[in-house]
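For reference, the structure is listed below as structure tokens.
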Amino acid sequence: MRIKDITAVIEQFAPLGIQEQWDNSGLSVGDPDAEATGVLVGFDCTPELIDEAIATGCNLVVTHHPLIFRGIMGIHPGRPVDDAIIKAIRGGIAVYSAHTTADKVAAGVSGAMARRLMLGDQRFLCADPSGNTGLGMTGYLPRPMTAPEAIDYVKNCFDLKAVRTSRPIETPITKVALCGGSGGSMIADAISEGAQLYISADISYHNFFTPEGFMIMDIGHFESEVEITEILFSLIREKFANFAVRKSAGLGSANPVYYY
């Protein structure tokens, strides 16, 4: 089996052609025609993840976030991205990412958030012209909730220690919009879709000044997206049941953000 046989399965689920123009999903390091020895699925392609791949005999790493995202003007040891690139090349490790490709399918990142919240009537928040892909999701809570109830519900559903919110609204919350990862640019879309609550991450300070009857909840970037690792892992394992497919043993401590 070759590397490209495995990445083809991922691309059936999340085609490269739907990624955002600024993204770098796909194979960033490695030879697609190389023989595959094993797959390690993680969230971010860190030096530690490459070390884990080498230690477990996996020569393909699959992550959500791309290893090479912005232009690289030089590669120098001592910087996390550079170290991961150096280790991957030296170790013969191919690196593949499903970033906005996995964001834009209903079974992907935002869809997983909506399913975790058991939202009804799930639809894309910002659908592509085809209507079959898009960013974010909208849907209805299992029952109307007060703001404090909704906060507790989201924290329980995502097993969160804390969330950041705008001023809690007084009216019951029924409709929710959400987007995994950095979703600040879609706040206006959430409002126009009639959502009372928008759930995302990396929300900047001034966006917490919200209009009447609308509130924002920031649950954290890692927390909103990490379920995609289980989705990708299950996808590959189901297709290649007798092949070495692993989920990173360090995933539980992979969040670079610490809470005290």
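The values are calculated or read from the model by the stated rules, or taken from the named source; none is laboratory data. In this text the structure is predicted, and so the values were computed from the model without any measurement. Here the Cβ positions follow ideal geometry from the backbone for every residue, glycine too, while neighbour counts run over all protein chains shown. What goes into the accessible areas is simple: the full protein's heavy atoms, side chains included, and nothing from ligands, DNA or RNA. Shrake-Rupley method; radii C 1.70, N 1.55, O 1.52, S 1.80 Å.
Computed values, structure above
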read-out: Residue match in the stretch 82-96 (condition: hydroxyl-bearing (Ser, Thr, Tyr), touching a helix residue (DSSP H, G or I) at 6+ places or on another chain (Cβ under 7 Å), closer than 18 Å to Lys4 by Cα and in contact (Cβ under 8 Å) with a residue 24 or more places away in the chain); value: yes
read-out: Pairs, first under 28 Å from Gly91 (Cα atoms) in the stretch 15-33, second of a type in the set (Lys, Arg), C-beta under 8 Å, six or more apart; value: Pro32/Arg2; Pro32/Lys4; Asp33/Arg2; Asp33/Lys4
read-out: Sole exception among (1) modelled with pLDDT of 95 or more; (2) under 17 Å from Lys239 (Cα atoms); (3) surrounded by fewer than 16 Cβ atoms within 10 Å (Cβ to Cβ) for Thr7, by number; value: (3)
read-out: Ile228 vs. criteria open to solvent by less than 10 Å² (accessible area, probe 1.4 Å), assigned to a helix (DSSP H, G or I) and touching an Asp or Glu at 6+ places or on another chain (Cβ under 9 Å); value: yes
read-out: Residue selected from the stretch 205-225 under the condition in contact with a helix residue (DSSP H, G or I) (Cβ under 6 Å, 6 or more places away or on another chain) and open to solvent by 30 Å² or more (accessible area, probe 1.4 Å), by the criterion nearest to Leu160 (Cα to Cα); value: Glu223
read-out: Selection within the stretch 231-249 - in contact with a helix residue (DSSP H, G or I) (Cβ under 9 Å, 6 or more places away or on another chain), surrounded by fewer than 16 Cβ atoms within 10 Å (Cβ to Cβ) and either at pLDDT below 95 or among the aromatic types (Phe, Trp, Tyr) (or both); value: Phe243
read-out: Test: Val176 is within 16 Å of the chain's Cα centre (by Cα) and either modelled with pLDDT of 95 or more or crowded, with 20+ Cβ neighbours inside 10 Å (or both); value: no
read-out: Residue within the stretch 188-203 that is touching a Phe, Trp or Tyr at 6+ places or on another chain (Cβ under 6 Å) and surrounded by fewer than 18 Cβ atoms within 10 Å (Cβ to Cβ) present; value: yes
read-out: Test set (1) under 18 Å from the mean Cα position of the chain (by Cα); (2) at pLDDT below 95; (3) not in a helix (DSSP H, G or I) - Met217 fails condition number; value: (2)
read-out: Residue in the stretch 144-160 that is within 20 Å of the chain's Cα centre (by Cα), charged (D, E, K, R) and closer than 10 Å to Met217 by Cα present; value: no
